[in-house]
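To keep things clear, I will list the structure first and then write my remarks on it.
The values are calculated or read from the model by the stated rules, or taken from the named source; none is laboratory data. Note that this is a predicted model, so its numbers are computed, not measured. Cβ placement follows ideal geometry from the backbone for every residue including glycine, while neighbour counts extend to all protein chains displayed. Heads up: the accessible areas ignore ligands, DNA and RNA and are worked out on the full protein's heavy atoms, side chains in. Shrake-Rupley method; radii C 1.70, N 1.55, O 1.52, S 1.80 Å.
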Amino acid sequence: MTKTLRKITEILPQIDAVCDIRDARAPGYSENSALLEVTQGRPRLIVLNKRDLADERETAAWSEHFRALGFAVLTCDSQSGRGTADFKPKLEALLSEKIAAKKLKGQTGMTLRVMVMGIPNSGKSSFINRVAGRRAAEAQDRPGVTRGGKWVTAGTGSAGIGFELYDTPGVLPPKIAPPERAEVLAFCGSVRDEVTDTEAIASRLMLFLWKNYRGNLSERYKLGENAELDELEPLRLIAERRGFLQRGGGYDAERAAVVLLDEFRAGLLGKITVQLCPSKPGRQENA
Ligand SMILES: Nc1nc2c(ncn2[C@@H]2O[C@H](COP(=O)(O)OP(=O)(O)OP(=O)(O)O)[C@@H](O)[C@H]2O)c(=O)[nH]1
Ligand SMILES: [Mg+2]
């Protein structure tokens, strides 16, 4: 964390803008306050990535929320590439004054340097690869893949403006509060599973889904109309439906927990947002 912050501070004078990659399933909680502090005052584009996994209505509400706060916002899916083509035009719009000033000075061969940052596993490296149009940065399905920093040349935008993106390691804030935030980040796989209690996290996810996305849950696990959730043993329902039962009425909660988390993260439960937008007018729970 400190090492990354030091590196970021070191290259800060070279950059024109910051690209703040959030997980569209938890757009507020996936913010990194420490990184934002270091890069304060820099033009910033908020990217809601993994939009293919998130509830579309919530993503629209969160985009509005950030726009109302004065931020430029891009929503995209860096796995398929949907939405990433808007990055260069958005950045050029964000930096239009700077670009115009450089043009006035007769500067040609202009390059915009953008630092891409965010919490672990939010899709920074995947996003860079999409914008660059090649696999320039390593991306994997676990947090902590990118180490050190790396400049990636990413082609040109309109009028021959060049783009260079700086890939940074994911950084978590030193203190993750409130407790619900830590849970939500664990749902999304931004916290290493080894440091979290899988059963506890999956139980919390189950309770959230039961309350807010019961239809998705019922469909995936064929819960039936009369299913009831035992709040003290929320994973029992999944264990029963999947046959993870033990002799004497027990069940394999650990196995049910792993299934739920894996399937949620893979998008098999459908498009779900685990941090609902606070400012969505007239929201109704879809329970
Ligand atoms: N479904 C979906 N998966 C994505 C998207 N973007 C990235 N991923 C996946 O998320 C995982 C993490 O992606 P990375 O690009 O390595 O994330 P990162 O932010 O660079 O991660 P660190 O370097 O570990 O901080 C990979 O399995 C990607 O394929 C997206 O928009 N949609
Ligand atoms: Mg990375």
Using alpha-carbon positions, the gyration tensor of the stretch 81-179 gives root eigenvalues a ≥ b ≥ c; with a/c under 1.5 called rounded, otherwise prolate if a/b exceeds b/c, else oblate, the class is prolate
Return the carbon/sulfur percentage of the accessible area of the chain, one whole number, probe 1.4 Å, all protein chains in place.
48
Potential lengthening between Asp141 and Ala93 on full extension [0.36 nm per residue; Cα-Cα distance subtracted]
14.1 nm
DSSP-defined beta bridges in the chain - what % are antiparallel, rounded to 5:
20
Suppose all protein chains stay in the model; what accessible area per residue would a 1.4 Å probe give for the chain, in Å²?
49
What is the extension gain from Leu12 to Ala266, computed as 0.36 nm multiplied by their sequence separation minus the C-alpha to C-alpha distance, in nm to one decimal?
88.0 nm
State whether the chain is rounded, prolate or oblate according to the following rule on the C-alpha gyration tensor (a ≥ b ≥ c being the square roots of its eigenvalues): a/c under 1.5 gives rounded; otherwise a/b larger than b/c gives prolate, and the remaining case gives oblate.
prolate
Rank Leu237, Leu209, Gly224 by how far each Cα sits towards the positive end of the charge dipole of the stretch 197-265 (+1 on Lys, Arg Cβ; -1 on Asp, Glu Cβ) and give me just the farthest.
Gly224
Spatial extent of the stretch 197-265: Rg and Dmax, with the Cα atoms as the point set, Å
11.0, 33
What is the calculated FRET efficiency for Arg241 to Gln40, with r their C-beta to C-beta distance and R₀ = 41 Å, to the nearest 0.05?
0.25
Can you tell me, using C-alpha contacts under 8 Å and at least 6 residues apart, the relative contact order of the stretch 2-167 as a whole percent?
23
With every protein chain left in place, what is the accessible area of Trp151 in Å² (1.4 Å probe, nearest 10)?
80
Length-normalised contact order for the chain - Cα pairs under 8 Å, 6+ apart - percent:
20
Using a 10 angstrom cutoff on alpha carbons, build the Gaussian network for the chain and name the most mobile of Gly106, Gly267, Gly28.
Gly106
Expressed as a whole-number percentage, the relative contact order of the stretch 197-265 with C-alpha contacts under 8 angstrom and at least six residues apart is 37
Across Lys7/Lys150; Lys7/Lys50; Lys50/Lys88; Lys3/Lys175; Lys50/Lys271, pairs whose alpha-carbon gap is larger than 20 Å:
Lys7/Lys50
I want the local charge near Asn129. Using Cβ-Cβ distances under 11 Å, sum +1 for each Lys or Arg and -1 for each Asp or Glu among the other residues.
+2
Unit charges at the beta carbon, dipole of the stretch 2-167: most positive-side option, Pro89, Leu69, Leu53:
Pro89
